[in-house]
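Every number in this text was worked out from the coordinates using simple rules, so none of it is lab data. What you see is a predicted model; the values in this text were computed from it and never measured. Cβ placement follows ideal geometry from the backbone for every residue including glycine, while neighbour counts extend to all protein chains displayed.
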Amino acid sequence: MEARLNLMASPVAAAFGKHLVAANRVLAESALPAATRELVLLRASQINGCGFCVDMHTKDAAHAGETSLRLNLVAAWREATVFTDAERAALELTEEGTGIADAAGGVSDEVWTNAAKHYDEEALAALVCTIALINAFNRGNVIARQPAGGYEPGRFH
């Protein structure tokens, strides 16, 4: 598969991408635990069918010490026993936040309240922004058909 568009060669897309990467750095330094952040990035990318981001976030998480068991079970987190209650709340918020076009009313109060039980306001803000940011990255990559498989851990850090 070949990309439809070289996003790095486009002055507009490259400038836009630099701002997204800068936002990503802010979130990497936030109150949201790094492991939770990686799970959220991976789950949203799975939902959106962004192979490039699934490849990247799986490899980056493994490189940071995440286990293959947990990475392999992200898509089936509801049935898995390897995630904390806080991680499960973040994954649920990720799913509802990523699928807002599919559900009238957006994120339910129940899902929000559950997430708020596990995260303070700063971590919740980081969680919301992480979900929004990965959805932006996913959409750009899916539209441009960025191929998956060739990512090397740490490439964009």
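Where a ≥ b ≥ c are the square roots of the eigenvalues of the C-alpha gyration tensor, would you call region 1-46 rounded, which needs a/c under 1.5, or, failing that, prolate if a/b is larger than b/c, or oblate? Display every interim value, and only then the final one.
On the way: a/c = 4.78, a/b = 1.59, b/c = 3.01.
Cα axes put region 1-46 in the oblate bin.
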For V107, residues with placed amide H under 5 Å, excluding near neighbours: none
Cβ-isolated cysteines (cut-off 4.7 Å), the chain: C129
Virtual spin-label span in nm between L5 and V21, 7 Å along Cα→Cβ: 1.8 nm
Length gained when the stretch S68-A31 is fully extended (0.36 nm per residue, less Cα-Cα span): 10.9 nm
Calculated from backbone phi, Karplus (6.51, -1.76, 1.60) coupling profile of region 110-119 in Hz, x at Gly/Pro: 4, 5, 5, 4, 5, 5, 5, 5, 10, 10
In range of the label at S108: residues from region 124-153 whose backbone nitrogen is under 20 Å from the point 7 Å along Cα→Cβ: 128
Estimated [θ] at 222 nm from DSSP helical runs (n ≥ 4, -39500 (n - 2.57)) normalised by residues in the chain, nearest 500: -20500 deg cm²/dmol
In sequence order, calculated HN-Hα J values of region 54-66 (Karplus, 6.51, -1.76, 1.60; Hz; x Gly/Pro): 4, 4, 4, 6, 5, 5, 5, 5, 5, 4, 7, x, 5
